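J.: Once you've had a glance at the structure underneath, I'll fire off some questions.
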Amino acid sequence: VQLQASGGGLVRAGASLTLSCAASGGTYSDYVMAWLRQAPGKEREPVATLTSTGSHTTYADSVKGRFTISRDNARSAVYLQMNDLKPEDTAVYYCAAKERMALSYKYWGQGTLVTVSS
């Protein structure tokens, strides 16, 4: 599976941004999808996850109520709607995929940079 993330950019605090991740080369609908991020000088952390059917989501506490993960299996895409962005959301955002029973994410996109100015 190849993943291509896009949609990052420079925005001001309080703004919204939607990240997209297009998948190809695999049975996309079988995979658990996730967005993770890595801020400068920090370890990569999970932001949101979504099951293959879209029936279950998880979010980091820091983004609950502001971010929404969704997927369109017909388009083999996953999205991250980010509202009320804060400077601490500044990071490189990665989309990732794994088989349902896998322990870790096997497939990774290249990352897209989100910068939030105060």
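Throughout, read-outs are computed from the coordinates displayed, never taken from laboratory work. If you're wondering where the values come from, they're calculated on a predicted model, not measured in any experiment. A quick note on method: Cβ atoms are made from the backbone with ideal geometry, for glycine too, and the neighbour counts reach across all protein chains shown.
J.: Return the pairs, sorted by first residue and then second, in which the second residue is surrounded by fewer than 12 Cβ atoms within 10 Å (Cβ to Cβ) and of a type outside the set (Gly, Ala, Ser), the first residue lies in region 9-31 and is closer than 19 Å to residue 112 by Cα and in contact (Cβ under 8 Å) with a residue 24 or more places away in the chain, the beta carbons are less than 7 Å apart, and the residues are 6+ apart or on different chains.
T.: Hits for this filter: 13/87.
J.: Yes or no: residue 72 within 16 Å of residue 6 (Cβ to Cβ), without any contact (Cβ under 8 Å) to a residue 24 or more places away in the chain and not small (Gly, Ala, Ser)?
T.: Yes; evaluated as a whole, the condition is true for this residue.
J.: Just checking, does region 11-20 include any residue being touching a helix residue (DSSP H, G or I) at 6+ places or on another chain (Cβ under 7 Å) and farther than 18 Å from residue 109 by Cβ?
T.: yes
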